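The values are calculated or read from the model by the stated rules, or taken from the named source; none is laboratory data. What you see is a predicted model; the values in this text were computed from it and never measured. Positions of Cβ are generated from backbone atoms using ideal geometry, with glycine treated the same way; all protein chains shown enter the neighbour counts. Quick note on the areas: whole protein, heavy atoms, side chains included, nothing else; ligands and nucleic acids left out. Shrake-Rupley method; radii C 1.70, N 1.55, O 1.52, S 1.80 Å.
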Amino acid sequence: QVPGHLEPVPLVERQVPRIRRLQIHRYAVPVGRELAFVEMEPEAVRQGMLAAGLPAEVPARLLGSQADYAREAGPTTDTVRRLLGRPARSFQTWAADHAAAFTA
C-alpha cells in the first residue's frame, strides 16, 4: 500500500527495484553509511545463508515467507499501538535511533 492511498496500489515488476532503492536510501541517511540494494536469485541467497552456518530450515522458511509476501503483503494490525499505547515507529526512525550500532 502506498502512503496516502486508501486502496493498495498495484506495483508493476519494474517499479520494485526503484522502490527498494528508495527504501535503502531512507535507511542509509540516518545511519550515515552508503547502502545498496542488490537483487539476488533465491538460490544464491540460500547458499550464502547455509555457508554462514544457518540450519537448512532457516533459509527455506525465510525465502518462503519472502515469496509469499511478494505475492501478497501481510495484514496491517494495531498490535503495537495496543501493546505500547503509541503507534509503531517507522524503520527509518528506528535506524536513526540505533545508528551507533551500524557504525561499530
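Placing Thr76, Thr103, Thr93 in order of accessible area, with the largest value first and a 1.4 Å probe, yields Thr76, Thr103, Thr93. If only the Cβ of Lys and Arg carry +1 and only the Cβ of Asp and Glu carry -1, the dipole of the range 53-104 around its Cα centre is close to 220 debye. Accessible area per residue for the range 23-104, computed on protein heavy atoms with a 1.4 Å probe, is 81 Å². If you sort the three axes of the alpha carbon gyration tensor as a ≥ b ≥ c, you get a/c of 1.5 or more for the range 29-104 and a/b no higher than b/c, which makes it oblate. Of His25, His98, the order by accessible heavy-atom surface (1.4 Å probe, DNA, RNA and ligands excluded), from most exposed downward, is His25, His98. The modelled label-to-label distance for the pair Leu83/Ala52, using points 7 Å beyond Cα in the direction of Cβ, is 2.3 nm.
Summarising the label geometry, the points placed 7 Å from Cα in the beta-carbon direction at Arg21 and Ala44 lie 1.7 nm from one another.
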